[in-house]
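Readers should treat all values here as calculations from the given coordinates under stated rules, not as data from a laboratory. Keep in mind it's a predicted model, so treat the numbers as computed, not measured. Don't worry about glycine lacking a Cβ; one is built from the backbone with ideal geometry, like all the others, and counts go over all protein chains shown.
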Amino acid sequence: MISLRPALWPTLISLPILVLSLTLGVWQMERRAWKRDILDRIATNQAAAPLTLDELLRGDPLRHEYGRVKVAGTFEHGKEFHLAARSLKNKVGLQVVTPLRTDDGRVVLFDRGWIPSEKKEPPKRAEGQVAGRVELTGIVRRNQVRRQYAPENVPDKNVWFHVDVPLMRQLAGASPDPRLDSFFLDADAAPNPGGVPIGGQTRLDIPNDHLQYAITWFLIALALAGVYLAYHWENGRLEIAGRKKRTP
């Protein structure tokens, strides 16, 4: 039998912190399940054989997210887009997203990979501006949305911070398409002429540290509860099995 006479100020201070800690712990457990689903999807789709574009477009393309797709067509280099603030081996640069017009006339966005800032202008990497028909393997990535506090895209200056597939395809002269607007392709690690762009930038080893974070929040809640009860015991406001600390 436990009898507690809560003190006003310790309760008003401790209760919100306790609720917040428990809420954050539960949220981290939900995030852990979400992250595990992503990692399972990566493993499954990476292990599968590459699809053709037609196979990808049968149904929802995003069911094959992180899977590989073989495409063939011609790059439209004059309409390339620049993803700003991308780094590789601690060197700042950008990534080049180029529309690929397939053999049957469809337009797919293809993230060709990273280039250093000094090679932003296409003439400085002319060898990598491959002309004519190409056959490529790309990794399926979903259309990106602006994250909270992230900068806005500036299409007029060709400065992009996330891949807005519908808008980019529109600017490339493509007609809206619910399936083609839902994804873009990341280049694999196959080298390009001249060495840039450098493909293979897809991050597949996504860390899942949410269990540690959840444990931390639950321990904070447990420690706070312990301090709260100890305070009340020391002040004779907590009685356990008929016993309480005697005040002098």
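Some notes on this structure:
- Once the Cα gyration tensor of segment 104-190 is diagonalised, semi-axes √(5λ) in Å: 21, 19, 13
- nm² value of the averaged projected area, convex hull over the Cα atoms of segment 1-92: 14.4 nm²
- Listed peptides 155-161, 81-87, 61-67 by packing density, highest first (mean Cβ within 10 Å): 61-67, 81-87, 155-161
- Pairs from K70/K119; K91/K124; K35/K70; K89/K157; K70/K91; K70/K120 whose Cα-Cα separation, in the structure shown, is over 21 Å: K70/K119; K35/K70; K89/K157; K70/K91; K70/K120
- Nearest 10 degrees, 0 to 90: helix 8-47 Cα axis against the chain principal axis: 30 degrees
- Label corresponding to Cα Rg over 2.2 N^0.38 Å when calculated from the structure given, among (i) 1.51; (ii) 0.93; (iii) 1.26: (i)
- Note on segment 1-109: dipole from Cβ charges, positive end direction compared against G67, P16, I38; the farthest Cα belongs to P16.
- Proximal charge balance of D209 [Cβ under 10 Å; K/R count +1, D/E count -1]: +3
- Listed residue (F218, A150, A85) projecting farthest to the positive dipole end of the chain, Cβ model: F218
- Summing +1 for each Lys or Arg and -1 for each Asp or Glu among the other residues whose beta-carbon sits under 15 angstrom from that of D60 gives +1.
- Other residues lying with their Cβ under 12 Å from the Cβ of R101 contribute a combined charge of +1, Lys and Arg counting +1, Asp and Glu -1.
- Rounded tilt (10° steps) of 210-234 against the dominant C-alpha axis of the chain: 20 degrees
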